[in-house]
Amino acid sequence: MNPIVHALVIGVPLLTFLMGGAALATWFERRFSGKMQTRWGPTVVGPAGLLQPVADALKMMQKEDIVPRAADRTLFNLAPLFPPFLVIASAAVIPFAATIDADGAVKATGVVADLDIGILWVMALAGLMVFPIWVAGWAANNKYTMLSGMRMVAQGISYEIPMVLCALVPVIFAGSLSLSDIVAYQAVHGWNALSLSPSAIVGAVAALLFFLASLAEANRIPFDIPEAESELIGGVMVEYTGIKFGIFMLAEYLHTIVASALTAVLFFGGPLGPGPAVLGLGWMLGKTLVLFVLIYWIRWSLYRFRSDQLMDLCWRILVPLSLVLVMLSALLVAGGFA
Amino acid sequence: MTAFAVIAGIILASGLMVVRSENLVHSVLWLAVTLIATAVQFVLLNAPFLAGMQLMLYTGGIITLMLFGVMLTIRDEGVDIPNPSEGHLAGAGAALAFLVPTLYAIWGTPDFGPMVDPITAKDIGSSFLGPQLIAFEALSVLLLAAMIGAIVLVRRKDP
Amino acid sequence: MTHMVLTVAAILFALGIYGVTTRKNAIGILVSVELMANAVNLNLVAFSQHWGATGQSFALFAIALTVAEVVVGLALVVLLYRTRKNVNIDLASDLRS
Amino acid sequence: MTEFPPRVDPHFDIEEYDPEADLMALNMGPQHPSTHGVMRIKLFLDGETIVKAVPYPGYLHRGVEKLCEKLTYVQITPIFDKHDYVAPMTNEQAINLAFEKLLGLEVPLRARVLRTILAELQRIASHLLWLGTFTLDIGGTIGGGASMMMYTFREREMILDLFEALTGCRFHYNTHCPGGNRHDVPEGWETVVKAVLDAIEPRFDEYEALCDNDIFLVRTEGIGVLPPDLALELGQTGPVLRASGVDHDLRRDAPYHAYDLVDVRVAVDDGCDSLARYKVRVAEMRESVRLVRLLLPMLPQGPIVGSKPIKSLIQFKAAAGQVYVGMETPRGELGTYLIGGGDQRGAAPYRCKIRPPSLHAMAALPYLLPGHFLSDVVTVLGSLDPIMGEVDR
Amino acid sequence: MSVYEDLQARFDLPEVPPEGEPALVDVSRHVELAGALKDAGFTMYVTVCASHFPSVTPKVKKGQEPLPPTVEAWEVATVLRRPGPNSEAFAWRVRVERPVVPTLYELFAGADWQEREQYDLVGVIFENHPDLRRLMMPEDWDGHPLRKDYAIDTRVAPWR
Amino acid sequence: MSSRVGLNWIWQSAKAMIVTGKHLFEPRTTEGLRPAESRAPRYRASFALVHNEHGEEACIGCKLCEKICPSDVITVVGGPKELSEATGKKRGTCTDFVLDLQACIICELCVQVCPVDAILMVREQEVPGYSREDLVLTMDKLYANEHDKALYWGSGSALMEMQNPKKEASS
Amino acid sequence: MQEQWVSALVFLGLAFSVPLSMLVGAALVRVRAKSNLEAKYDTYECGEEPDGPAWVRFHPRYYIVALVFVLFDVEAAFLFPWALTLRELGTLALVEMFVFVTVLLIGWAYALRKGALSWQ
């Protein structure tokens, strides 16, 4: 197939799913947390408040655009462009469906660009995420955004290490950087984090750490130090109005969706599951949804760490632990257990 | 070829902005643009793994370091973080003095033939775990030394 | 093709030289040095098209080395700032006296 | 006894701090989500570490003490509802205690027991709100803190419903008057109170389940350590003092109302930190539930007002002398230093100095904050539980 | 009131405190009394209350000589408390004709803010206070609102 | 102060998540503008002026409420004394009565002191208005409230009765 | 292989169009203020005039975190190709990487022991 056509055929539905998912996520989160807190959440706009995200988007679009006098105007206006861009772009390598070859091998499909450095693509883009947010914080020339930007970078780069290292575990098992190869490996050897093979223990711990690190990368509670509205009043978003603020929020919701999808692919078999391969898309979306709900459940149940404790947790525990996991999985592979 | 020209244009333009920008943070961010464009160039040159490394290590790591370096040496001078430059003539002269003979040498030698097979990450791995093993292990020591040295230099004395 | 890449790299390197000579701020100089290192990487990758994986693994090493250089270089700049409250490189040169 | 860090000098000159550091002067407040009202703390930050903190109260100053010199004893009670807007009931009681002592009024037993019950219910309600906002500070408005706040507000609503049934209002009760209470207990109120207590008590376990994890512990343990000697010198009272290990509670130590009829078990914790303040307040809520259960059957028949009911502006007049009366509100000793007007001023006090416990708690901030992180400001501030309406008056 | 008896001789307090009023102590013994009380276990700093007694001319009753106007004075009452079981509060006041009273900051750190507030509202200057600024009112406020000569009768109702 | 964070919190968080998860299945709390019927019988919010048993406007313009109001929101203009048709006695009248709810603190003191039970409180919540004038209760609005809204039983004499019960009730 | 990259590039364009279209759309429909108060463009600092600059010099600990990050980033970068060759090179690769990681872990332990990572 022509690569451009391919990109459009898969990319446009993926984009629609991500954008719709993010819009729905805001609605879902409010309803879900409302139920959890014995209140209602949005009920007025549309049936069960379903159109609330639309109303919110429209409201944000109409808001006046204010750039503080002291701000660095160019960078202040440019910074919101990048967070959603990077998040959406990192979804390009995630396979969402599966087919079975003529020789019976499961092959992951539904991926925009099956790059053979898939994981690296995701990690590199995730590593770039901190810059637009830092720039947003810096450009506003406000002490709160500045503090938040510095926290953001410190946290983002710190948690990138355990995230990359934990993502290495499936890479070591599969012997490939491509996400579809990782799925194919799991089709043969069982899910990385949930199977009967001995590697699943290592995989399960790696999945937990990867999930935690993704929470931190996506600034979700208990790791949402950069946003910390109880002391920093919303972090880098303080000076942003209207749609620019909305874009940052959108990027956050997109990030949770992509992080859940990535965890599902790397450790929980992605589109794999019982039943015919056609169900792959359903399995993938189901697993993403479960992880996604988990993220919100965690968010509305826990308090947040302090910035130093966050660093402590990362550098004292997560980094060495994930290194141990990498070495253990290497031993398993070298010993022929995986 | 068009893609190459566009990317080369971005690299050179942003490179010029790096050395001409008045604001140090802008300069660093222009450097980030150069590095990202170079990563795209790497993809065009059939080196996708290195492109990923360029994004992750170079852009992710070095720009962070640079930004933090700026934040650590900043002075309270209002909005602009100045990045003064002077002696443009001498600078341009030095640059040209390098550029002219180099370009002469490049265009004087015959072009390499068509490329060999695309190089995958696996090849790179076998390369540094095999022939370049000594360099690889030495690198770890170098990094260790650099880090310890930097910590010793940067750490503020305990009050 | 390789010629073109090498040309781009050479111009980038020349820009780096220009930056190093004209910049007065120590970090500005380091940024320019990065431009030069980046040009070198571009060269290495261009050569690897012909000579196989060695070029790319060298480029990887070069990146790692640049990291080490920046780490120490910036640490020195920070130290410079701490002792002189300034990162202007002219002031540093009178350290000799 | 644990080792306490040396006392911070709040008037320390920041110029003397490490010359290598570049301090950032950050205004936290007056328009900040976690300053519990309108207050400003000027923080001098080294990175994220606080070097010096200078609080600026006064944004809510309404000149109530001046107002008290104009109003008469009868009119002052409703004004006092607005000081500690989280616990208006005990505020009214505190000022009325002072009036009664100054004017020499007797309060009948029924009113005293009723006041005790109301005070304890108000204590539960106030601590519930505190717990909600404290976890809100730690957990964020978009996090676990919000869940906790919703739960605590749900329970607080029940208590406010009780007050509504008794006094007709959820906030401006004005149910006390010098010499007794204005509203008698409605039919069947006692059974409703019992039912509410039964509903609330198991919820405390849920709150503790939500707070009993390491995230909460590391955010609060060792944060804002207030040694007992400093706490006494600063005039801390209530849960803040008891969390510093001082066994002092006016309900037991200088009984007023009907506290001499019951045995108050004082919750003390010598952790001296934010965690200890949390523990003390949760223990106090449980204790209050117990006290209300004890007191409900003791409610005797009889009049609720000792003197004549309010019929005019100048009902109580020509009181002279100076009294100080303190009362244990949810936040600590709310005292009133009252100088009677004597013949010259008729039924209005000459000078009415209110001693708000929150102001004293706030005064501890310059001692507690230095050395902590920016995130700890909200923890310390939340654990001290200042109410700005009371601080500024 | 055993503490009262102990201190009575030392500080020439009246035999029993006048009905409903804290004892009056000479301003020169103010800090000394606070120190003695702190040693006697009154470690909790409860409050300080300054009040203003302006010069008034007593009303002349029929057939009496007109009395001279009273002297303008300030009173500063301090309350300390002994914490723990059977807690009791001890209050005393000093009366001065010039609004200057020594600070208790050295003895009680809590006096810092309380005295600032009284300075702010009543205008009593606490000598040797480390940081005597306004606490409640804006820093550029004119006058001290709780003085009796500060107008209160202005009807402020901007919404009407 | 050095608080090392471990991984304990992961397992402990499960406890917190169970609590929040349990609430997913608990009834939702509904709060809002509650109708007067579901309010407590003593609920008081706004005011009404009433007519006495003879159908006359009960207020006699004695200004007791104006004097006792702590925030000075009541303005009463007394009228000339008129002969009451029902009782045949002279009684005071009131020509204007304004109660400004903006500064009212709902303290009930005006109801408490009223000698003729003319002012009562209303059990219906005052809804927000669109202009400041909406919150100024003129005499017309106050008399309209008597019919439009549910009244609180606590009149001045009823409150006195409650506070000072007759001897046989207290025994 | 280049085909995949073309797809990726097209998708990058699609991804970029999302925030861009939102910004452009908002620029078209949003309200414009009739009055421009000076105070509207002030920097927010809780309602007070900002006291001192926001762009102050930060504490060196941020830099130390960044440089330890870079160290581990390099390590991770070298782990990627290693992970791929593990099955072919077997024990040799394992030993080589163990040496590499151990040397870097010394640096980590040094930073930890010096308290460079503990932010206090």
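The values are calculated or read from the model by the stated rules, or taken from the named source; none is laboratory data. These numbers come from a predicted model, not from an experiment. Quick reminder, even Gly has a Cβ in these numbers, built from the backbone with ideal geometry, and neighbours come from all protein chains shown. For accessibility, only protein heavy atoms count, side chains too; no ligands or nucleic acids. Shrake-Rupley method; radii C 1.70, N 1.55, O 1.52, S 1.80 Å.
With 5 Å bins beginning at zero, the pair-distance distribution over Cα atoms of the stretch A:263-338 amounts to 3, 13, 11, 13, 16, 18, 15, 8, 3, 0 %.
With a 1.4 angstrom probe, the accessible area lost at the G-A interface totals about 6800 Å². The angle separating the long axis of helix F:8-23 from the principal Cα axis of greatest extent in chain F is about 40 degrees. With a Förster radius of 51 Å applied to the beta-carbon distance between E:Ala9 and D:Asp18, the computed FRET efficiency rounds to 0.45.
Partner shielding of D:228-238 amounts to 6, given as the average count of beta-carbon atoms from other chains within 10 Å of each residue beta-carbon.
Anything over 18 Å Cα to Cα? Flag those among A:Lys63/A:Lys244; D:Lys353/E:Lys148; D:Lys311/E:Lys148; A:Lys59/G:Lys40, in the order listed. With Cα atoms farther than 18 Å apart: D:Lys311/E:Lys148; A:Lys59/G:Lys40.
Rounded to the nearest 20 debye, the dipole size of chain D about its Cα centre is 2140 debye, using +1 on the Cβ of Lys and Arg and -1 on the Cβ of Asp and Glu. Which angle from 0 to 90°, rounded to the nearest 10, does the C-alpha axis of helix G:60-89 make with the longest principal axis of chain G? With rounding to tens, the tilt is 50 degrees.
Tell me, Kirkwood radius of the stretch A:8-99 from alpha-carbon pair distances, in Å? So the Kirkwood estimate lands at 16.2 Å. One Cα centroid belongs to the stretch G:57-78, the other to the stretch C:1-58; the line between them spans 24 Å.
Estimated from helical segments only, the mean residue ellipticity of chain A at 222 nm is -21000 deg cm²/dmol, where each DSSP H run of four or more residues counts as -39500 (n - 2.57). At a Cβ-Cβ separation cutoff of 4.7 angstrom, cysteine residues of chain F with no neighbouring cysteine are F:Cys62, F:Cys69, F:Cys104, F:Cys107, F:Cys114. Find how many whole Å separate the alpha carbon centroid of the stretch D:323-371 from the alpha carbon centroid of the stretch D:52-101. The stretch D:52-101 and the stretch D:323-371 have Cα centres separated by 8 Å. Surface composition of the protein assembly as shown: carbon and sulfur make up 62 percent of the accessible area, probe 1.4 Å. Working from label points 7 Å from Cα in the Cα-to-Cβ sense, the F:Asp134 to F:Ala150 distance is 2.2 nm.
Calculate, in whole percent, how much of the Cα-Cα pair population of chain A lies beyond 39 Å. List each step's numbers first, then the result.
Numbers: 7910 of 56953 pairs.
Of the Cα pairs, 14 percent sit more than 39 Å apart.
The residue among F:Leu109, D:Val264, A:Gln309 whose Cα reaches farthest toward the positive pole of the charge dipole of the protein assembly as shown, with charges on the beta-carbon of Lys, Arg, Asp and Glu, is F:Leu109. Note on the stretch G:60-114: along the principal axes its Cα atoms extend 43, 18, 8 Å, ordered by decreasing extent.
The mean count of C-beta atoms from other chains within 10 Å of the C-beta of residues in D:39-51, rounded to a whole number, is 4. Per the accessible-area calculation with a 1.4 Å probe, the total area buried between chain E and chain D rounds to 3900 Å². Taking Cα centre as origin and charging only the Cβ of basic (Lys, Arg, +1) and acidic (Asp, Glu, -1) residues, the dipole magnitude of the protein assembly as shown rounds to 1440 debye.
Under the classification rounded if a/c is under 1.5, otherwise prolate if a/b is larger than b/c and oblate if not, where does the stretch B:1-73 fall, given a ≥ b ≥ c as square roots of the Cα gyration tensor eigenvalues?
Numbers: a/c = 5.08, a/b = 1.46, b/c = 3.48.
Cα axes put the stretch B:1-73 in the oblate bin.
For the stretch C:2-95, the Kirkwood radius over C-alpha pairs fed into Stokes-Einstein at 4 °C and 1.567 mPa s yields D = 90 µm² per second. A crude spin-label estimate for the pair C:Leu79 and A:Leu58, with each label 7 Å from Cα along the Cβ direction, gives 6.3 nm. From the largest down, the stretch G:11-51 spans 45, 27, 11 angstrom on the principal axes of its Cα atoms. When all protein chains stay in place and ligands, DNA and RNA are ignored, the 1.4 Å accessible-area order of D:Met149, A:Met163, largest first, is D:Met149, A:Met163. Cysteines in chain D lacking any other cysteine Cβ under 4.7 Å from their own Cβ: D:Cys169, D:Cys177, D:Cys211, D:Cys272.
Here the ratio of the Cα radius of gyration of the protein assembly as shown to 2.2 N^0.38 Å is 1.06.
Structural size metrics of the stretch G:1-82, computed from C-alpha coordinates, are Rg and Dmax of 22.8, 62 Å. Here the calculated FRET efficiency for E:Lys148 and F:Asp72, from their Cβ-Cβ distance with R0 = 25 Å, stands at 0.70, rounded to the nearest 0.05.
Ranked highest first by the average count of other Cβ atoms within 10 Å around their residues, in what order do E:102-110, A:262-270 fall?
Values: E:102-110: 21.2, A:262-270: 27.7.
Going by the mean number of other Cβ atoms within 10 Å, highest first, we get A:262-270, E:102-110.
Residues considered: E:Pro68, E:Pro130, E:Pro145. Largest GNM mean-square fluctuation over chain E, using C-alpha springs under 10 Å, is found at E:Pro68. Normalised size of chain D, defined as Cα radius of gyration per 2.2 N^0.38 Å with N residues, equals 1.00.
222 nm [θ] for chain F, helices only, -39500 (n - 2.57) per DSSP H run of 4+, per residue, to 500?
-7500 deg cm²/dmol
Can you tell me the FRET efficiency between C:His50 and A:Ile4 if r is taken as the Cβ-Cβ distance and R0 is 30 Å, rounded to the nearest 0.05? Write down the numbers at each step before the final one.
Values: r = 30 Å, r/R0 = 1.00.
E(calc), rounded to 0.05, equals 0.50.
Packing here is the average count of other Cβ atoms within 10 Å per residue, and on that basis the peptides F:47-59, A:144-156, highest first, run A:144-156, F:47-59.
Distance from the C-alpha centroid of the stretch A:40-67 to that of the stretch B:19-44: 38 Å, rounded to the whole angstrom. What is the helix-to-structure angle for A:3-36, meaning the angle in degrees between its Cα long axis and the longest Cα principal axis of chain A, kept from 0 to 90 and rounded to the nearest 10? In chain A, helix A:3-36 runs at an angle near 60 degrees to the longest axis. For the stretch A:20-63, the residue among A:Gly34, A:Leu24, A:Leu51 whose Cα projects farthest onto the positive side of the dipole built from Cβ charges is A:Gly34. For chain D, averaging the sequence separation of C-alpha pairs within contact (under 8 Å, six or more residues apart) and dividing by the residue count gives a relative contact order of 26 percent. Placing a label point 7 Å from the Cα of F:Ser38 along the Cα-to-Cβ direction, none of the residues of the stretch F:142-160 has a backbone N under 11 Å of that point. In this structure the protein assembly as shown gives 35 Å² per residue of accessible area when probed at 1.4 Å with all protein chains present. Peptides B:133-143, A:133-143, ordered by how many other C-beta atoms sit within 10 Å of their residues on average, highest first, read A:133-143, B:133-143. Between B:Met1 and D:Arg170, what is the label-point separation in nm under the 7 Å Cα-to-beta-carbon projection? Label at D:Arg170, label at B:Met1, 7.7 nm between them.
Provide a whole-number value for the mean count of partner chain Cβ atoms within 10 Å of the Cβ atoms in peptide C:36-45. Write out the running numbers ahead of the final one.
Working: counts 1, 2, 11, 4, 0, 9, 7, 1, 2, 11.
Per residue, the number of nearby Cβ atoms from other chains is 5 on average.
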